[in-house]
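Okay, structure first, notes after.
The values are calculated or read from the model by the stated rules, or taken from the named source; none is laboratory data. This structure is a prediction, so every number in the text was calculated from the model and none was measured. Virtual Cβ from ideal backbone geometry, glycine too; neighbours counted across all protein chains shown.
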Amino acid sequence: MSRHKKIKSTAKLLLLCLLILVSSILFLFIAQNEPMIHWVKTFMPSVSSANSQVSQPESLPESATESSLSIEKISKVWEKDSNLVLVNWEYALPEHYEPKLQKAFDMEMDERLVEPYRQMIEAASKEGITFWISSAYRAPELQKELLEREIKENEKKGMSSEEAREKASAAVAKPGHSEHNTGLAIDLNGVRADFEHEKGYAWLQQHAAEYGFILRYPKEEESKTRIMFEPWHYRYVGKENALKMKELGMCLEEYVKYLALKEENN
């Protein structure tokens, strides 16, 4: 046998011995740790299931976010809790709804949010963060003026009448369809897109719900709200609702419809 063939044969033998050794070690490990492996297989699924239940605390009714609900079903929710009046592209301000306006912070707003807002800005100030209200309650008449102004600005940019109105509607709600008509909405620290990158915005994301406020138009919910992301726009819904919405990861459209379906299924 040549020297080259001997070396090749020896290498194969060594490789075979190595494979046998590794296999033996694995066999011994499995045999000695069989109880542990059994524990992992039987116990871990229950742990995983428990964690899943924590992150999703309750099974939700069939989602209504992909389709409309009748105004009768929606109105039952806010009639039960007026903090949840839903005003958007689809649902107008109810005819008999009247905000209880109060002058505070140089603005008019519904009296329900005055004290919670005061508590919120005091808590933020202790961390060196300052908030101020840029806009609060707006009468439907003023809302009409704002919408018409936005349409004209778009037309000046060369848009057709139809394009200008469609673009304006994504930024300014129609009269009677604006959150600001409820008296429960406030714009903070100017209408600025870059507010998203400020410390105040991060603080609100973490703490606003503790005082009953929600970010009304989140970036990831534009398809449901039909309004572009507005980092400055906050809506008072009450502490219990705000915390529940944060837990469930729902915008106001989803949450109100969720409650309407839940009521219907009970």
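The residues in the stretch 191-205 that are acidic (Asp, Glu) and assigned to a helix (DSSP H, G or I) can be counted, and the count is 2. If the condition is being among the aliphatic types (A, V, I, L, M) and under 14 Å from Glu127 (Cβ atoms), then the stretch 190-209 contributes Ala202, Leu204, Ala208. The residues of the stretch 69-101 that are surrounded by fewer than 18 Cβ atoms within 10 Å (Cβ to Cβ) and either touching a strand residue (DSSP E or B) at 6+ places or on another chain (Cβ under 7 Å) or of a type in the set (D, E, K, R) (or both), listed by number, are Glu72, Lys73, Lys76, Glu79, Lys80, Asp81, Glu90, Glu95, Glu98, Lys100, Leu101. Checked against the criterion of being touching a Phe, Trp or Tyr at 6+ places or on another chain (Cβ under 6 Å), outside any helix (DSSP H, G or I) and either at pLDDT below 95 or within 13 Å of Leu86 (Cα to Cα) (or both), the stretch 233-241 contains one or more residues that satisfy it.
Only residues that are out of contact with any Asp or Glu (no Cβ under 9 Å at 6 or more places or on another chain) and outside any helix (DSSP H, G or I) were counted in the stretch 177-190, giving 4.
Residue check: Gln119 meets all listed conditions (1) touching a residue at least 60 places away in the same chain (Cβ under 8 Å); (2) part of a helix (DSSP H, G or I); (3) closer than 22 Å to Pro218 by Cβ; (4) not hydrophobic (A, V, I, L, M, F, W, C) but one, namely (3).
Each residue in the stretch 189-232 was checked for being over 23 Å from Lys174 (Cβ atoms) and among the aliphatic types (A, V, I, L, M), and 4 of them qualify. Exactly one residue out of Ala50, Ala31, Ala104 is at pLDDT 90 or above and either farther than 29 Å from Val237 by Cα or surrounded by 10 or more Cβ atoms within 10 Å (Cβ to Cβ) (or both), and it is Ala104. If you go through the stretch 227-253 and keep only what is farther than 19 Å from Arg118 by Cβ, surrounded by fewer than 16 Cβ atoms within 10 Å (Cβ to Cβ) and touching a residue at least 60 places away in the same chain (Cβ under 8 Å), you end up with Glu247, Leu248.
Filtering the stretch 169-205 down to residues that are of a type in the set (S, T, N, Q) and closer than 30 Å to Gly128 by Cβ, which residue is surrounded by the fewest Cβ atoms within 10 Å (Cβ to Cβ)? The residue in question is Gln205. Within the stretch 254-266, can you find the residues that are surrounded by 15 or more Cβ atoms within 10 Å (Cβ to Cβ), among the charged types (D, E, K, R) and at pLDDT below 95? Lys257 - this is the single residue of the stretch 254-266 that is surrounded by 15 or more Cβ atoms within 10 Å (Cβ to Cβ), among the charged types (D, E, K, R) and at pLDDT below 95.
So Thr182 passes all but one of these: (1) touching a helix residue (DSSP H, G or I) at 6+ places or on another chain (Cβ under 7 Å); (2) in contact (Cβ under 8 Å) with a residue 60 or more places away in the chain. Which condition number does it fail? (1) is the only condition that Thr182 fails.
Glu127 - would you say it is over 15 Å from Asn181 (Cβ atoms), assigned to a helix (DSSP H, G or I) and under 27 Å from the mean Cα position of the chain (by Cα)? Against the criterion (over 15 Å from Asn181 (Cβ atoms), assigned to a helix (DSSP H, G or I) and under 27 Å from the mean Cα position of the chain (by Cα)), Glu127 does not qualify. Filtering the stretch 206-217 to residues that are crowded, with 18+ Cβ neighbours inside 10 Å and either part of a strand (DSSP E or B) or of a type outside the set (Ser, Thr, Tyr) (or both) leaves Ala208, Ala209, Gly212, Phe213, Ile214, Leu215, Arg216.
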